[in-house]
Amino acid sequence: MYSSSDSSTTNVTVELDTAKNTVLKDAGVSNSNVTFTKEKLDREKGTWYYDLEFYTTDTEYDYEVNAETGEIIGKEVEYILSNNGDDYIGIDAAKEIVLKNADISANDVIFTKAKLEKEDGIVVYEIEFIIDTVEYENIVQASDGTILEYDIDHI
């Protein structure tokens, strides 16, 4: 991500893992229960910061951590629609459906998004994953597992 010999980042004293531990502690979640979707060192107005995004089964988090002091300088929390009963197929079943549709093994992909949402009045799972240089985006109807949208992008 950066090199200590890079003079433009000499003020960066906080390691990425330290910043991640700080936000996990603040959010009250453990590393084993989250999926990080963004881990980026960036600079704004001369200050280096980490832009960290991650989610749990019911919450999305977006943090900014000062890379010089370790202080949290920005935080957004969004609660995801939860599965309130047996009316939905479940996120694991939705993942299996999209992987089977793409004819790909779960061992070969990195999931970047998997959440339950309401879209146009329909409760759906948004499932996104990457394999090599290909990104798959899927919208699956939560009630019966029907794939409503399927998109493949080469990145």
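Annotations for the structure displayed:
- Sole exception among (1) out of contact with any Leu (no Cβ under 6 Å at 6 or more places or on another chain); (2) at pLDDT below 85; (3) within 25 Å of Asp62 (Cα to Cα) for Leu81, by number: (1)
- Only listed residue being open to solvent by 50 Å² or more (accessible area, probe 1.4 Å) and either closer than 30 Å to Lys25 by Cβ or out of contact with any Lys or Arg (no Cβ under 7 Å at 6 or more places or on another chain) (or both), chosen from Lys115, Lys75: Lys75
- Selection status of Glu60, open to solvent by 60 Å² or more (accessible area, probe 1.4 Å) and either in contact with a Leu (Cβ under 9 Å, 6 or more places away or on another chain) or among the acidic types (Asp, Glu) (or both): no
- Tabulated pairs, the range 20-42, first within 19 Å of Lys113 (Cβ to Cβ), second among the hydroxyl-bearing types (Ser, Thr, Tyr) and part of a strand (DSSP E or B), C-beta under 6 angstrom, 6+ apart or interchain: Val23/Tyr63; Ala27/Tyr61; Thr35/Tyr55; Thr37/Thr112
- For Gly70: the one exception among (1) touching an Asp or Glu at 6+ places or on another chain (Cβ under 6 Å); (2) farther than 26 Å from Ala94 by Cα; (3) surrounded by 15 or more Cβ atoms within 10 Å (Cβ to Cβ); (4) not hydroxyl-bearing (Ser, Thr, Tyr): (1)
- With respect to (1) out of contact with any Ser or Thr (no Cβ under 9 Å at 6 or more places or on another chain); (2) part of a loop (DSSP other than H, G, I, E, B); (3) touching a residue at least 40 places away in the same chain (Cβ under 8 Å), the lone exception for Asp87 is condition (1).
- Test for Ile97: is it closer than 24 Å to Asp144 by Cα, in contact with an Asp or Glu (Cβ under 8 Å, 6 or more places away or on another chain) and not in a strand (DSSP E or B): no
The values are calculated or read from the model by the stated rules, or taken from the named source; none is laboratory data. Because the structure is predicted, anything quoted here is derived from the model rather than measured. Because the Cβ atoms are built from the backbone with ideal geometry, glycine has one as well, and the counts that use them run over all protein chains shown. Quick note on the areas: whole protein, heavy atoms, side chains included, nothing else; ligands and nucleic acids left out. Shrake-Rupley method; radii C 1.70, N 1.55, O 1.52, S 1.80 Å.
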